[in-house]
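The values are calculated or read from the model by the stated rules, or taken from the named source; none is laboratory data. Owing to the predicted nature of the structure, the values given are computational and were not obtained by experimental measurement. Cβ atoms come from the backbone with ideal geometry, glycine included; neighbour counts cover every protein chain shown.
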Amino acid sequence: MEQKRGRSQLLPLFLTFLKIGAFTFGGGYAMIPLIQRETVEGRKWISDEDVLEIIAIAESTPGPIAINSATFVGSRVAGVAGAACATLGVILPSFVIILIVAGLLDAFQHLRAVQYAFFGIRAGVLALILKAFWNMYKKCPKGAVSYGIAAGAFLLAAVLKVNVLIVILCCALAGLVSSLIRAGRAKK
Amino acid sequence: MICLDLFWTFFKIGLFTFGGGYAMLPLIQAEVAAHGWLSTETLLNFVAVSESTPGPFAVNIATYIGSRLAGIPGAACATLGVALPSFIIILIVARCYERFRSSKVVSGVMTGLKPAVIGLIGSAILTMGAAVLFPGGVTAAVFSTLSFWVSVGIFALTAVLAFKKVHPIALICLSAALGVAAGYLLL
């Protein structure tokens, strides 16, 4: 089937990603099935292989997956203008909803019941973060280099209180050097 | 001025966090604490709000902090800042995907970044855990307070349920209900 391209797709791009932004909770990989349904089966803008490509790219580029995939699909369909429309679409629902929620929180947070609720919620959120930590650990490659970098990052951040940005840069450099050394050994 | 600071801080957050979602938490927590924009308690409250509203965590938290500090213009600056790095990088990568995918530099950097996120989240869990369980600092007296044991109980129960794959929104509702019940009945 002919894939639709060009400026006529700007409004559909905006509206489709508006819908994706409005109906995915929690963000991240939770968005992928909806993106697949809307952009592959619905609009036929991209193929299933493109979706796999998006996941691979999103994993190795910075930033939220929602924005990565909106920019990618938008630019495929209608260049920079398409990327801008799709990205604006995926952001807008969060933006508006959070502005409203921020107002509600300010209005109600002094209530005793709300404070008790958040007292419970903070303990629950700690459990959710622990679960996310476990999920990421399971997906991370195992091996001496990986464990060494994870332990190093933990020590730098938790014990020595080094700036998180510097820790990230050091780990990126350590990963790069270790994989270049491994590649050099494999050649010999 | 505050708008420029919001834009630049969230630009850095957008540029240096890989994987999205909770992977962003350590950097957001560090930056927000360094600026004194939100307490760790408020940040944890907001994680629950973000889980229960649509959209990516990064955009939600950028909008929230921006709007609290400088209204709608602040929200717009912070959100633009967090989105812009991805936008520019994906536009570039979409054009030279094959070269990007086979690049030894990209895959090398990723072998460092994946475990880095694990270590950083581990460190963030310690900071946040201390804020939840020891809001007034670690002292012997804390262990004899009822609120400490209620927090531990809610944490243990939700952790078990989270590992049994109960939906996050259900867990947030449950912990809120337990917090309200414990607050009125025990505290």
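Only residues that are more than 7 Å from every other protein chain (Cβ to nearest Cβ) and part of a helix (DSSP H, G or I): list them for the stretch B:39-56, please.
Answer for the stretch B:39-56, where residues must be more than 7 Å from every other protein chain (Cβ to nearest Cβ) and part of a helix (DSSP H, G or I): B:T40, B:T42, B:L43, B:F46, B:S50.
Is it fair to say A:S8 is more than 9 Å from chain B (Cβ to nearest Cβ), within 25 Å of B:E98 (Cβ to Cβ) and surrounded by fewer than 20 Cβ atoms within 10 Å (Cβ to Cβ)?
So A:S8 fails the test.
Within the stretch B:39-59, count every residue that is closer than 28 Å to A:I57 by Cβ, in contact (Cβ under 8 Å) with a residue 24 or more places away in the chain, buried (at least 24 other Cβ atoms within 10 Å of the Cβ) and out of contact with any Asp or Glu (no Cβ under 9 Å at 6 or more places or on another chain).
3
Between B:V152, B:V105, B:V160, which is at pLDDT below 90 and either loosely packed, with under 15 Cβ neighbours inside 10 Å or facing chain A (nearest Cβ under 7 Å) (or both)?
Step by step, each of B:V152, B:V105, B:V160 is checked, and only B:V105 is at pLDDT below 90 and either loosely packed, with under 15 Cβ neighbours inside 10 Å or facing chain A (nearest Cβ under 7 Å) (or both).
Does the stretch B:60-77 include one or more residues that are more than 25 Å from B:I2 (Cα to Cα) and in contact (Cβ under 8 Å) with a residue 24 or more places away in the chain?
There is no residue in the stretch B:60-77 that is more than 25 Å from B:I2 (Cα to Cα) and in contact (Cβ under 8 Å) with a residue 24 or more places away in the chain.
Kindly check whether there is at least one residue in the stretch B:57-69 that is at the interface with chain A (Cβ under 7 Å from one of its Cβ atoms) and over 21 Å from A:T24 (Cα atoms).
yes
Just one of A:S94, A:S69, A:S60 is free of Cβ contacts under 8 Å to residues at least 12 places away in the same chain and among the small types (G, A, S); which is it?
A:S60 is the lone residue from the list that is free of Cβ contacts under 8 Å to residues at least 12 places away in the same chain and among the small types (G, A, S).
Would you point out the residue of the stretch B:1-38, among those that are within 11 Å of chain A (Cβ to nearest Cβ) and outside any helix (DSSP H, G or I), that is surrounded by the fewest Cβ atoms within 10 Å (Cβ to Cβ)?
B:F18
On the given criteria, is B:A181 surrounded by fewer than 18 Cβ atoms within 10 Å (Cβ to Cβ) and assigned to a helix (DSSP H, G or I)?
For B:A181, the condition - surrounded by fewer than 18 Cβ atoms within 10 Å (Cβ to Cβ) and assigned to a helix (DSSP H, G or I) - is met.
In the stretch B:129-155, how many are more than 21 Å from the chain's Cα centre (by Cα) and touching a residue at least 40 places away in the same chain (Cβ under 8 Å)?
Counting residues in the stretch B:129-155 that are more than 21 Å from the chain's Cα centre (by Cα) and touching a residue at least 40 places away in the same chain (Cβ under 8 Å) gives 2.
What is the one condition in (1) part of a helix (DSSP H, G or I); (2) closer than 26 Å to A:N163 by Cβ; (3) of a type in the set (A, V, I, L, M, F, W, C) that B:F148 does not satisfy?
The single condition B:F148 does not satisfy is (2).
Among (1) farther than 16 Å from A:M31 by Cβ; (2) facing chain B (nearest Cβ under 7 Å); (3) without any contact (Cβ under 8 Å) to a residue 12 or more places away in the chain, which single condition is A:D106 missing?
The one condition A:D106 does not meet is (2).
Suppose we keep only residues that are more than 7 Å from chain B (Cβ to nearest Cβ) and under 20 Å from B:S86 (Cα atoms) within the stretch A:20-33. Which one would you say is nearest to the chain's Cα centre (by Cα)?
A:Y29
Determine which single condition A:A81 fails, assuming it passes every other condition in (1) among the aliphatic types (A, V, I, L, M); (2) buried (at least 24 other Cβ atoms within 10 Å of the Cβ); (3) more than 28 Å from B:I28 (Cα to Cα).
A:A81 satisfies all of (1) among the aliphatic types (A, V, I, L, M); (2) buried (at least 24 other Cβ atoms within 10 Å of the Cβ); (3) more than 28 Å from B:I28 (Cα to Cα) except (2).
What about B:L80, is it under 15 Å from A:G63 (Cα atoms), in a helix (DSSP H, G or I) and of a type outside the set (D, E)?
For B:L80, the condition - under 15 Å from A:G63 (Cα atoms), in a helix (DSSP H, G or I) and of a type outside the set (D, E) - is met.
For (1) in contact with a Cys (Cβ under 6 Å, 6 or more places away or on another chain); (2) among the hydrophobic types (A, V, I, L, M, F, W, C); (3) more than 18 Å from B:V82 (Cα to Cα), each residue gets a yes or a no:
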residue	(1), (2), (3)
A:L11	no, yes, yes
A:T16	no, no, yes
A:T39	no, no, yes
A:I65	no, yes, no
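Is it the case, given these coordinates, that A:A123 is surrounded by fewer than 18 Cβ atoms within 10 Å (Cβ to Cβ), closer than 30 Å to B:L187 by Cα and within 7 Å of chain B (Cβ to nearest Cβ)?
no
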